[in-house]
Amino acid sequence: MDKAYDREPTRRSRELRNNATPAERKLWQRIRDRQLSARFNRQVPIGPFICDFAARTAKVVIELDGGQHAKRTIEDHRRTRFLVSRGYRVLRFWNNDVLENVEGVLILIEEALKNSPSPSPSREREGKK
């Protein structure tokens with residue numbers, strides 16, 4: 001039985017995960033398994049785009065940009081506009097930032113997560129009712 005959705009984004013996401021850049025691998029090692037205050041997934045399809053990392057509940061997207069993005073500013077701006085229109089906060093870092101200063105990048109990500117609105121009351125508070 002055929003699935004009722006387009007499989008291409010899933011196939012492309014898997015391909016991107018298997019061929020991650022050194023910067024993507026380095027950042028993933030530091031944000032996976034809820035090491036920060038949110039759960040991130042990598043190579044996440046959102047609309048027509050595949051985002052490098054996304055914390056869906058916190059509505060935060062992280063995009064890592066290599067040198068090719070210096071020439072793709074119009075595409076990147078359109079992508080950011082789309083994600084923001086869907087309620088996401090988009091954080092962009094150059095690959096060199098991650099490779100040379102991952103701690104600084106992690107601090108900026110954690111600050112963004114702290115400033116993201118909570119989508120619902122925490123389970124801890126719900127249990128005290």
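The values are calculated or read from the model by the stated rules, or taken from the named source; none is laboratory data. As the structure is a prediction and not an experimental result, all values here were calculated from the model. Heads up, the Cβs are rebuilt from the backbone with ideal geometry, glycines too, and the neighbour counts pull from every protein chain shown.
Go over the candidates ARG25, ARG11, ARG34 one by one and state the one that is modelled with pLDDT of 90 or more and assigned to a helix (DSSP H, G or I). Quick ask: steps written out before the conclusion?
Working: ARG11 fails: modelled with pLDDT of 90 or more; ARG34 fails: assigned to a helix (DSSP H, G or I).
None of the others qualify; the one that does is ARG25.
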For this session: Determine whether segment 91-104 contains at least one residue that is touching a Pro at 6+ places or on another chain (Cβ under 9 Å) and of a type in the set (Phe, Trp, Tyr).
Result: no
For this session: Sort out which residues of segment 87-103 are farther than 16 Å from TRP28 by Cβ and surrounded by 12 or more Cβ atoms within 10 Å (Cβ to Cβ), and write them in order of number.
Result: TYR88, ARG89, VAL90, ARG92, TRP94, ASN96, ASN101
Problem set entry | Scan of segment 77-86 for residues that are closer than 14 Å to PRO48 by Cβ and free of Cβ contacts under 8 Å to residues at least 24 places away in the same chain, ordered by number | ARG78, THR80, ARG81, SER85
